[in-house]
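Here the structure comes first, spelled out in structure tokens, and everything after it is commentary.
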Amino acid sequence: MKPQHLTILLTLAQKGIDIPIKTSSIEFAKELQLSQQSTARLLAEMEQQGLLQRQVKPNGQLLSITRKGRKALLALYTQLGEIFAGRKKIIAGTFVEGLGEGKYYMSLSAYKKQFKKKLDFIPYAGTLNVEVKPEIGKMIYADPTFFQIAGFTTKKRTYGGLRCKRATLIAKGRKIQGAVIIPDRTSHEKNIIEFIASVHVKEKINIQSGEEVKIEL
């Protein structure tokens, strides 16, 4: 689920979680601070995924949160409860070799400056890929507590943004402080989580493909 989907569910829930909400496309787009086109696309996606029901009327539209949508909100509520209670998630997975794309992107100065400012470290030029269960990957991708690293444009091309959250990688009895990143544009499936650190993690702990690792978020 996209973070924008959760934002829409929260906006509707504040108006009434069990009743249809009447609104116009213009008003709702303004409330979300999005364009009408983006709002319409997101609502269509959510309707297709069964998160809400939509009825178009001559003078507006009725939006209702479905049972699946309420379950998503409840999951968010549980996650936030754990966060504020000081509980951390321990995620188990295995190290898998990547294509080496992370090395290029992590070497770009526009990203490095933002990482330094928001994480207080400059990542080693590369990422460590951790394969997790699909349902765990989806939960991480939908985590609303990640913060944004902005994309940028050069004379040659545009680079997408990404979301980021501090994390600790645990493997072979060692712990390495770093962060999990979720690029806005990625060739990975949601069961692949990318970890960055100030050191070359693979060499630091001498990890091989297929070996078990854990990530503490």
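The table that follows gives values for the structure above.
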| item | result |
| --- | --- |
| Residue satisfying condition, being touching a strand residue (DSSP E or B) at 6+ places or on another chain (Cβ under 7 Å) and of a type in the set (Asp, Glu), within set GLU27, GLU47 | GLU47 |
| Conditions (1) assigned to a helix (DSSP H, G or I); (2) of a type outside the set (S, T, N, Q); (3) within 18 Å of ALA142 (Cβ to Cβ): number failed by LYS113 | (3) |
| Filtered residue count, segment 16-53, keeping only those that are in contact with a Leu (Cβ under 9 Å, 6 or more places away or on another chain) and more than 15 Å from ARG67 (Cα to Cα) | 12 |
| Selected residue (only one of ILE182, ILE176, ILE196 is in contact with a Pro (Cβ under 6 Å, 6 or more places away or on another chain) and in a strand (DSSP E or B)) | ILE196 |
| From the options LEU76, LEU12, residue that is among the hydrophobic types (A, V, I, L, M, F, W, C), touching a residue at least 24 places away in the same chain (Cβ under 8 Å) and farther than 30 Å from LEU128 by Cβ | LEU12 |
| Residue in segment 128-140 that is among the acidic types (Asp, Glu), more than 18 Å from LEU99 (Cβ to Cβ) and surrounded by fewer than 17 Cβ atoms within 10 Å (Cβ to Cβ) present | yes |
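Conditions tested, residue by residue: (1) farther than 18 Å from ILE91 by Cα; (2) touching a residue at least 60 places away in the same chain (Cβ under 8 Å).
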{"site": "GLY137", "(1), (2)": "no, no"}
{"site": "THR153", "(1), (2)": "yes, no"}
{"site": "ARG166", "(1), (2)": "no, no"}
{"site": "LYS172", "(1), (2)": "no, no"}
{"site": "PHE195", "(1), (2)": "no, yes"}
{"site": "VAL201", "(1), (2)": "no, yes"}
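Read-outs: derived from the displayed coordinates by stated rules, not from any lab. What you see is a predicted model; the values in this text were computed from it and never measured. We place every Cβ from the backbone using ideal geometry, glycine too, and count neighbours over all the protein chains shown.
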